[in-house]
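Taken together, the values in this text are just the output of simple stated rules run on the coordinates, not laboratory data. Computed from a predicted structure; not experimentally measured. Note that each Cβ is placed from the backbone with ideal geometry, even for glycine, and that neighbours are counted across all protein chains shown.
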Amino acid sequence: MDVLKLEPYAVTLHFSFPDIQGRWEELLSQLLISIAEESTKSGQAVVGHIKTLSLFPENQFFRVSVIAPDIPPTTEGGVPPGRTELVVTLNVLIYGMAQADLEEIALSTAEKLAAEWKGRIYPET
Amino acid sequence: MNLLLFSGFLGSGKTTLVLRVVQYALEKDVKVAILVNEIGEVGIDNQLMRQLDMNVWELLGGCICCTLSADLVSTLEQLDREYSPDLVLIEPSGAADPRSILRALPFYKGTPFESQTAVSILDPLRLEMLYAVMTPLIISHIQNADFVLVTKCDLAEDEQIAFARRISLEHNPEASIFNVDPDTPLSVLMEKITPWMF
């Protein structure tokens, strides 16, 4: 197993979910867990850390973090009520996978999730 | 200037603990600077620390233990000249080998450190797997520590915590080992790790 190769992938994602009704923690947790599952299903990769951060006025933030598909995500902070849009920094640190593969997994997972949750997730250009 | 190095594998709970330690130090009117090195194109931890109005200095463009050792030393010297903190807290990337960082410190030519303490953080939830596939890095985290903190003890099984303590003792019998969870009073830890603060 080529566990020593670490090619970090990071992206800023814009989330737009008109019907989210405050379920941001659930949505982001599902995104990170799905990325972890997709990345490790071949058995050739080890999750280092997959995490997101969103910043809000007045020192507020929301951070979600996953270290394995079978360990529940941890969260800190929270999203201010009533928000239907979010800017999220996503960092994917996984040993044993090329950055291009991580990008493919992250963006395709986000796209599937967006369709499932009836919203949009798109990377900052 | 007192130096505190927090090392630990990715996702071990370093940043969470560092944030608690910094808040604690600030409440004691300790002048703190945080030196962060993150791998990845977009740093998350430094964004969060800045959002919380902390004094963050970032080492960019590589890994602190590989290509950035010289930057670490020059940044410490700059901190000493321009900011004179009571405490410099170094949080390297979870992929960094603390041994390389400690080896670089003797090249620092600023005001001598009043204390230099290395803390290693172990996540018992997946330590057994990481110990199997990342053996040299995990051993280095343990061997280069004055204190080993076993985090997430509220979530881990007793066997997982026992494993973390056992390999810590095996690889570094001199280190002090503490179990930590979100309810652990920080003052208890800080009295051990930073006695100069009291």
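A few notes on this one:
- Using the rule -39500 (n - 2.57) for each DSSP H run of four or more residues, divided by the residues of chain B, the 222 nm mean residue ellipticity is -12000 deg cm²/dmol.
- C-alpha center-to-center spacing [region B:143-198, region A:1-75] in angstrom: 27
- Derived scalar couplings ³J(HN,Hα) [region A:91-96; Karplus, 6.51 cos²θ - 1.76 cosθ + 1.60; whole Hz; x for Gly, Pro]: 10, 10, 10, 10, 7, x
- Under the Karplus curve 6.51 cos²θ - 1.76 cosθ + 1.60, θ = phi - 60°, whole-Hz ³J(HN,Hα) for region A:61-73, x wherever Gly or Pro sits: 7, 9, 10, 10, 9, 10, 10, 6, x, 9, 10, x, x
- Peptide B:42-49, shielding by other chains (average Cβ, 10 Å cutoff): 5
- Computed from Cα positions, the angle between helix A:99-116 and the longest principal axis of chain A comes to roughly 40 degrees.
- Rg to Rh quotient for the protein assembly as shown, alpha carbon positions, Kirkwood Rh: 0.96
- Across A:LYS112/B:LYS152; A:LYS51/B:LYS152; A:LYS51/B:LYS31; A:LYS112/B:LYS14; B:LYS31/B:LYS152, pairs whose alpha-carbon gap is larger than 25 Å: A:LYS112/B:LYS152; A:LYS51/B:LYS31; A:LYS112/B:LYS14; B:LYS31/B:LYS152
- Sequence-ordered 3J(HN,Hα) estimates for region A:74-79 from the Karplus curve with 6.51, -1.76 and 1.60 and θ = phi - 60° stand at 10, 10, 9, x, x, 8 Hz, glycine and proline given as x.
- In the elastic network of chain B, a GNM with C-alpha springs shorter than 10 Å, the most mobile of B:VAL30, B:VAL133, B:VAL18 is B:VAL133.
- Computed per residue of chain A from DSSP H runs no shorter than four, each worth -39500 (n - 2.57), the mean residue ellipticity at 222 nm is -9500 deg cm²/dmol.
- Extension gain for B:VAL188 to B:GLU128 (0.36 nm times residue separation, less C-alpha to C-alpha distance): 18.8 nm.
- For the pair A:SER16 and A:SER108, a Förster radius of 22 Å applied to the C-beta separation gives a FRET efficiency near 0.75, rounded to the nearest 0.05.
- Mean Cα-pair separation over length for chain B, i.e. relative contact order, pairs under 8 Å, 6 or more apart, %: 26
- Amide H contacts of B:LEU122 (H built 1.01 Å from N, under 5 Å, at least 5 apart or other chain): B:LEU149, B:VAL150, B:THR151
- Cα→Cβ-extended label distance, 7 Å offset, between A:ALA98 and A:ARG23, nm: 3.7
- The modelled label-to-label distance between B:GLN78 and A:PHE56, using points 7 Å beyond Cα along the C-beta direction, is 3.4 nm.
- Residues A:LYS118, B:LYS14, A:LYS112 arranged by fewest to most Cβ contacts within 10 Å: A:LYS118, A:LYS112, B:LYS14
- Look at A:HIS49, A:HIS14 and count the other Cβ atoms within 10 Å of each Cβ; fewest to most, that gives A:HIS14, A:HIS49.
- Selected from A:GLY22, A:GLY78, A:GLY43 as most flexible by GNM, with chain A as the system and alpha-carbon contacts under 10 Å: A:GLY43
- Residues within the reach of a label modelled at A:GLU37 (point 7 angstrom out along Cα to beta-carbon, backbone nitrogen below 17 Å), restricted to region A:83-110, are A:105-110.
- Rounded if a/c under 1.5, otherwise prolate or oblate - region B:148-198, Cα gyration tensor axes: oblate
- The percentage of C-alpha pairs in chain A whose separation is greater than 25 Å is 20%.
- Fluctuation leader among B:VAL188, B:VAL73, B:VAL56 - chain B, Gaussian network, Cα springs under 10 angstrom: B:VAL188
- Comparing Cα centroids, region B:90-139 and region A:92-125 end up 31 angstrom apart.
- Extension gain, B:PHE198 to B:LEU102: 0.36 nm times the residue separation minus the Cα-Cα distance gives 32.0 nm.
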